[in-house]
Every structure is written in structure tokens, then in C-alpha cells.
1. Could you check what % of the DSSP bridge pairs in the chain are antiparallel, to the nearest 5?
2. Considering the Cα positions of the stretch 204-292, please state its Rg to one decimal place and its Dmax as a whole number of Å.
3. For Q186, list long-range residues whose amide hydrogen, built 1.01 Å from N in the peptide plane, is under 5 Å from its own amide hydrogen.
4. Under 5 Å between amide H atoms, partner at least 5 residues away or on a different chain: which partners does A192 have, H built in plane at 1.01 Å?
5. For the chain, set up a Gaussian network in which alpha carbons nearer than 10 Å are linked by springs, and say which option among P185, P239, P20 fluctuates the most.
6. The stretch 303-329 to the stretch 178-221: how many Å between their Cα centroids?
7. If packing is taken as the average number of other Cβ atoms within 10 Å across a peptide's residues, how do 49-58, 306-315 rank, most packed first?
8. List the residues whose amide H sits under 5 Å from the amide H of F49, counting only those 5 or more places along or on another chain, with H placed 1.01 Å from N in the peptide plane.
Amino acid sequence: MCPSSPPASPRLRVLSGIQPSGQLHLGNYFGSIRPNLEWMGKAEQSLFFIADLHALTTVHDAAALRQARADIILDYLACGFDPAKALLFEQSKIPEHTELLWILSTITPMGLLERAVSYKDKVQQGIAATAGLFTYPVLMAADILLYDVDTVPVGRDQKQHVEIARDLALKFNNAFGETLKVPEPQIRAEVAVVPGTDGRKMSKSYGNVIPLFGDEKAVTKAIMGIQTDSRGAKDPKDPDTCPVFQLHRLFRSKGEAEALSGEYRKGLSYAEAKKRLLAAYMGFFGAMRAHRSSLRAADAAEVLRHGNERAHELAAKTMQRVRKAVGLL
Ligand code: TYM
């Protein structure tokens, strides 16, 4: 089921960000990395960044953050990020992100943030209700608006955040004149919510992920441990309510998924469905995983140096317009 890739759009700017707050997982890959990589070379500018300032809202361990930041860059390279066609940069290296965060926060209604579901969800999971967590969507709006981005391919969990960025761009333009480009989210229905091993959305914070890279044992354990109902091995099963089947669909064509769905209804055992999922996963990610294990930190240095420098130039231009619009120049 490979969705058709985007048409060449020489005037579009596309942006995506991932928090370095743990290992990358299948949800990140299918919801964000792959759709964004498909824009590479087709959009006028495709930008990928490491949302390390956002990660500080949950990661308070310097060594862990450092490691996750280093890993995610190599993960991107292993997934196919091509520095000749796109930019990869670190949010924390571009001070304009936090400057724009502040300016936007002065026009952000409290009610808009109070309605943000991700904040409520994280607090419910026990994450400290800090000012940083509350204003997280405003920093995300700054990330997007700084680069005059047209479209932001994300999973459904980030849709509301991109809509907040839109609202803030419109609000800013109303208050200070046409300054910021108004972005659109882009969500692929078939990968909008990749389920985790417990059937809920796959998420680092739910502890239900299937990792992209790393230990083969951990991948096997995660896949073979996907929660299923108590139907017996030979009983007919409902593919539509089974997370194993939902994950199979990520790797299969429509015809293959239909054939598997038929087998489910006839009584394919969950153990067999999981074994086949593991084989599909290894078939799909095998080459990327081998490439990932051959990469070293030095491979990332030049990519980041170039990405940080170029992103800074773009961000600085927008900030000049913003400073002028609000009266700081
Ligand atoms: P993060 O780090 O939680 O996730 C990164 C990307 O992966 C997608 N994703 C999923 N998609 C489908 N199913 C899932 N189970 C799943 N889990 C994660 C997310 O939708 C996201 O696209 N706030 C963002 C990071 C961010 C950002 C930005 C993104 C900061 N600034 C500006 C885009 C533009 C986040 O926490 O993503």
C-alpha cells in the first residue's frame, strides 16, 4: 500500500520535526519520516529538524538528551535523508525559534492553549504541568512560521498543533499586517494513527512502541507481544479491530491486505500473523537497519553544520520581517 508520492511542487516549502525523546518508532516513520522524505527533491525546500527544545519538556537527563539528539540524526540518514536535497537542523541552534515563540505568545489567547488536547493528555500521563509544556504549541508555531512553510506533513496527533500555528499566523497578520505565511497540515489517512503494541496510538510516552532501529531482540519482543483478544488459534478473527492487522497494512499492497483479511476471517492464528509481521518488518527495514548500524557520529557533523547554517539564514530573514512588523526595528 505505498501511497502515491507527492507531485513535484517547485514553489512549496515543507517542514517536519521530531522530538529526540527516545528511540524512533514505526509511528514516526510512517506518520512523518516517510511522507516528508517523499517531498525531498520535489518541494522548493524541504526542511527536517530535531525538536530538542520541545524534548526538554519531558527529558530532564542531559546524557539521555545528548544521546537521543545524536541518534536521531543518524536515524534520518539511515532512512534516506539526502543532504543534497534537503536541510536537517537542530532547533536549539537557531535562537530565532525562541524569539518568535515569545512574540507569538504575546498574541496567543490562553483559551487556545487551554483547548490543546496534547497538553491535557500529557498531564494525565503524569508529565509535569510546566509553563513550557503549556506553551509547547506556541514554540511549534514558531518552528513552522519561521520558515515560510506551506505544508507540514504530520500524524493526526499533531493536527491541532498545526492548526494553532495557522491561527497564530492569521492573528499576527491581522494585528501587524501581512508578515507570516499561513501553513496547512498534511495528514495521510492511511498512516494518520499507527497503533502501538497495546492498540492505542504508538507513542514513546505510552511505552508501546516498535522501534525502527536497535536491537533485533527488542523488535521481536515488541511484535510478538502485541496485545490481541482471547480468540483461539483457529477461530475466525476480525482484522478491523486487530492491531497486528493494522500494522500489516503499512507493509502491504491493497490486494495483499485483502488476502490477509480473508485469512483472518477464516481463522489465521495471531501467532502466525505476528510472525509474518516480523518478517514483513525485517524485509522492509532490513537494508535501513544495516545502513544505520554502519553510521558513525562523524557522518552527521557536516550535514548538521550545513543544515544549521542555512536554516539560520532562512529564520533570520523571517525574524527581520517580524521585528519590523511589531516595532522592534
Ligand atoms: P513527535 O516527536 O511526537 O512525533 C514526530 C512525528 O511522528 C508522528 N507520529 C505518528 N504518526 C502516526 N502514528 C503515530 N503513532 C505517531 N507517533 C508519532 C507525529 O505526528 C509527528 O509528525 N510536536 C512534534 C514535534 C514538532 C514538530 C514541529 C512537528 C515540534 N515542532 C513543527 C512538525 C512541525 C512532536 O512531538 O512530534
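1. On the way: 2 of 17 bridges.
Bridges in the chain that DSSP calls antiparallel: roughly 10 percent.
2. So, for the stretch 204-292, Rg and Dmax equal 13.5, 41 Å respectively.
3. Sorted by chain and number, the residues that satisfy this are V152, V154.
4. When sequence neighbours closer than 5 places are left aside, there are no close amide H contacts.
5. Sorting by GNM fluctuation, first place goes to P239.
6. That distance is 30 Å.
7. Working: 49-58: 21.6, 306-315: 17.9.
For the peptides 49-58, 306-315, the packing ranking is 49-58, 306-315.
8. S16, G17, I18, F89
Read-outs throughout are calculated quantities, based only on the coordinates presented, and are distinct from any laboratory measurement. Values in this document were obtained by computation on a predicted structure and should not be read as measured data. A quick note on method: Cβ atoms are made from the backbone with ideal geometry, for glycine too, and the neighbour counts reach across all protein chains shown.
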